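The values are calculated or read from the model by the stated rules, or taken from the named source; none is laboratory data. Nothing here was measured: the structure is a model prediction, and the numbers come from that model. Every residue, glycine as well, gets a Cβ built from its backbone with ideal geometry; the counts of neighbours run over all protein chains shown. To get the accessible areas, we keep the full protein, side chains included, count just its heavy atoms, and leave off ligands, DNA and RNA. Shrake-Rupley method; radii C 1.70, N 1.55, O 1.52, S 1.80 Å.
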Amino acid sequence: MTVNIQYIGIDASETLSAFTKEKLEKLFNRYEFLISAEVHFKQDEKQHDTGKICNIELSLPGPRIFATSNEHNFEVSVRETINDLERQLKKRKEVYKTH
């Protein structure tokens, strides 16, 4: 499992990195065909109530899977993004089962 985390325009956080890796590890354990993950954290200054953006792109056989979410804090944003990815992975796994 390879996880690359980038912080764009904000300070790096060890606790946020550990939280994100822990959540992604559950996905990697459930879906053995995953290769790596690219995670980007950034903050949108224009949105005051939300603006904490998390982008995650997963590498796997076939097209890559991407999800993003914009919430009031990064932990919620990570959870929402991973939930979106999990829905996409379930669909992809169904495709693999038929072949």
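Brief remarks follow.
- Selection status of residue 38, closer than 13 Å to residue 5 by Cβ and at pLDDT 95 or above: yes
- Only a single item in (1) touching a residue at least 12 places away in the same chain (Cβ under 8 Å); (2) out of contact with any Cys (no Cβ under 8 Å at 6 or more places or on another chain); (3) closer than 16 Å to residue 6 by Cα is not met by residue 73, and it is number (3).
- Flag if residue 60 is in contact (Cβ under 8 Å) with a residue 40 or more places away in the chain and surrounded by 12 or more Cβ atoms within 10 Å (Cβ to Cβ): no
- Selection count, region 1-38, where residues are among the aromatic types (Phe, Trp, Tyr) and farther than 15 Å from residue 57 by Cβ: 3
- Scan region 44-68 for residues that are of a type in the set (Ser, Thr, Tyr) and either under 17 Å from residue 33 (Cβ atoms) or at pLDDT 95 or above (or both) and the total you get is 2.
- Here residue 50 fits the description: in contact with a Ser or Thr (Cβ under 9 Å, 6 or more places away or on another chain), hydroxyl-bearing (Ser, Thr, Tyr), on the phi < 0 side of the Ramachandran plot and assigned to a loop (DSSP other than H, G, I, E, B).
- Among the residues of region 69-99, those that are modelled with pLDDT of 90 or more and either outside any helix (DSSP H, G or I) or polar (S, T, N, Q) (or both) comprise 69, 70, 71, 72, 73, 77, 81, 83, 88.
- Count of region 29-44 residues which are open to solvent by less than 70 Å² (accessible area, probe 1.4 Å) and without any contact (Cβ under 8 Å) to a residue 24 or more places away in the chain: 0
- Residues that are more than 16 Å from residue 41 (Cβ to Cβ), of a type in the set (A, V, I, L, M) and touching a helix residue (DSSP H, G or I) at 6+ places or on another chain (Cβ under 9 Å) within region 59-99 comprise 60, 65, 89, listed in sequence order.
- Residue satisfying condition, being within 10 Å of the chain's Cα centre (by Cα) and closer than 24 Å to residue 10 by Cβ, within set 68, 50: 68
- The combined condition, being farther than 24 Å from residue 91 by Cβ, of a type in the set (Lys, Arg) and open to solvent by 60 Å² or more (accessible area, probe 1.4 Å), is not fulfilled by residue 26.
- Boolean, residue 80 is touching a Ser or Thr at 6+ places or on another chain (Cβ under 7 Å) and surrounded by fewer than 18 Cβ atoms within 10 Å (Cβ to Cβ): yes
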